[in-house]
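Here the structure comes first, spelled out in structure tokens, and everything after it is commentary.
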């Protein structure tokens, strides 16, 4: 079994427990991004994918975080820029303590490197167009670039971009990172008002325009097969898949594009390895 599959199985183990916690506490989550595409096209992980993505509204993220911090503090760490300053993203990650998922881009960052699942925050939008919304999107990209330059120590990119990052980095220390983080969150939630009819994900790398939909697209969600279990996906999931991946989302990409975009330096399942791998072996035997 290769490292990618070991990683997927560990993420699946985590997601099963997170899904149970969510269902027991009336927290609505949805598979999103590549995990949503994997559920529909492959019935589980995209074979070459090495992460698991979910999305939920911010109020549900807060509720889930409080539960994990109170009931599972030794097992899970909900990573954010506030509690792990060298973490260079604006999406919470649920890290499984005692494990390692060391990615080359962030290998030099002094932060929690446990195996994780991503949580992409959903934000309400009052209207689907307008100059103000476009401006917010541009400002958010600028702030994200600022944070990337400031917090990323080993970003794998072109020589030119590395040179530019080295030049720009000293200037990022002129502004407190805590202020940048607050500005980012404020811009994301500026239209998070009761009755707002639309939803998007401002912090996603798929960009907010592709994910701007009527609230009903997410709705209560429906359950769909994913590996040996079922997870919740958006009610009108096809709308999102078409907007993000195009109408031919069921077609496999060329072989040269079948990669996750991450370079993994180390995978360690820690104390969970035996249970996870034995559980998969038993499942494989039943399927045969």
* Taking N as the number of residues in the range 63-134, what value does Rg over Cα atoms divided by 2.2 N^0.38 Å take? -> 1.37
* Can you give the extra length, in nm with one decimal, that the chain gains between residue 256 and residue 74 once fully stretched, where that is 0.36 nm per residue apart less the Cα-Cα distance? -> 61.5 nm
* Asked: Roughly speaking, what is the centre-to-centre gap between the range 52-70 and the range 10-34 when only Cα atoms are used, to the nearest Å?
  -> 10 Å
* Structure fact -> Taking a ≥ b ≥ c as the square roots of the Cα gyration tensor eigenvalues, with a/c under 1.5 meaning rounded and otherwise prolate when a/b beats b/c or oblate if not, the range 1-106 comes out oblate
* To do: Report the Stokes-Einstein translational diffusion coefficient (µm² s⁻¹, integer) for the range 1-63, Rh taken as the Kirkwood radius over Cα pairs, at 37 °C with viscosity 0.692 mPa s.
  => 265 µm²/s
* Structure fact -> Put in order of increasing Cβ neighbours within 10 Å, starting from the fewest, 231, 120 give 120, 231
* Asked: If you count, for each residue, the other Cβ atoms within 10 Å and average over each peptide, how do 123-136, 52-65, 252-265 line up from highest to lowest?
  -> 52-65, 123-136, 252-265
* Which shape class applies to the range 26-182: rounded if a/c is under 1.5, otherwise prolate when a/b exceeds b/c and oblate if not, where a ≥ b ≥ c are the square roots of the Cα gyration tensor eigenvalues? -> rounded
* Asked: What is the range 136-259 by shape, rounded, prolate or oblate, if you read a ≥ b ≥ c off the alpha carbon gyration tensor as root eigenvalues and call it rounded for a/c under 1.5, prolate for a/b larger than b/c, and oblate otherwise?
  -> oblate
* Structure fact -> Which of [x] -0.59, -0.82; [y] -0.29, -0.57; [z] -0.35, -0.68 is the computed log10 I(q)/I(0) by the Debye sum over Cα atoms at q = 0.08, 0.11 Å⁻¹? It is [z]
* Structure fact -> Quick note on 159, 93, ordering by fewest other C-beta atoms within 10 Å, gives 159, 93
* Asked: What list do you get for 146, 202 if you sort them by fewest beta carbons within 10 Å?
  -> 146, 202
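Only the coordinates and a few stated rules stand behind these numbers; no lab work does. If you're wondering where the values come from, they're calculated on a predicted model, not measured in any experiment. Cβ atoms come from the backbone with ideal geometry, glycine included; neighbour counts cover every protein chain shown.
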